[in-house]
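Report on one structure; see the data block that follows.
The values are calculated or read from the model by the stated rules, or taken from the named source; none is laboratory data. This one's a predicted model, so the numbers in the text were calculated from it and none came from an experiment. Don't worry about glycine lacking a Cβ; one is built from the backbone with ideal geometry, like all the others, and counts go over all protein chains shown.
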Amino acid sequence: MHRCDVGGQFISYRKLRQWLIAVAHQIQQCLTLLQLLNCLSEIREDCKKYSKQYNWQHHQFLSQVWFQRWDILLQEQSQSTA
């Protein structure tokens, strides 16, 4: 994988996978819906900035993790207000 932001530095798929796992972990650590939405905003900005490095599988993986966390936080919020 080629990164234009680092002077054309080559980024391995292993490092990309490690990055995806780190982002997924960050998503899972969000404690509030607001934190999760902010995380989504940062991911979107990164995706736009490095659009050539992201493919639909990366988006699909992160979206799945994000929506799972969203559902968990919504359940927790509804239980605490009930």
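Taking the range 40-82 as the range and being modelled with pLDDT of 95 or more and touching a helix residue (DSSP H, G or I) at 6+ places or on another chain (Cβ under 7 Å) as the test, the residues that pass are V65, W66, R69, W70, L73.
Pairs meeting the criteria (first residue in the range 15-41 and over 19 Å from S80 (Cβ atoms) and in contact (Cβ under 8 Å) with a residue 12 or more places away in the chain, second residue part of a helix (DSSP H, G or I) and among the aromatic types (F, W, Y), beta carbons under 7 Å, at least 6 apart or on different chains) are L20/F61; I27/W66; L40/W66. Out of I21, I72, I43, one residue alone is more than 12 Å from the chain's Cα centre (by Cα) and either part of a helix (DSSP H, G or I) or crowded, with 16+ Cβ neighbours inside 10 Å (or both). It is I72. Look at C30 and say whether it is among the hydrophobic types (A, V, I, L, M, F, W, C) and closer than 23 Å to S12 by Cβ. For C30, the condition - among the hydrophobic types (A, V, I, L, M, F, W, C) and closer than 23 Å to S12 by Cβ - is not met. Name the residue that is modelled with the highest pLDDT, counting only residues in the range 1-18 that are among the basic types (K, R) and surrounded by 10 or more Cβ atoms within 10 Å (Cβ to Cβ). Among those that are among the basic types (K, R) and surrounded by 10 or more Cβ atoms within 10 Å (Cβ to Cβ), it is R17.
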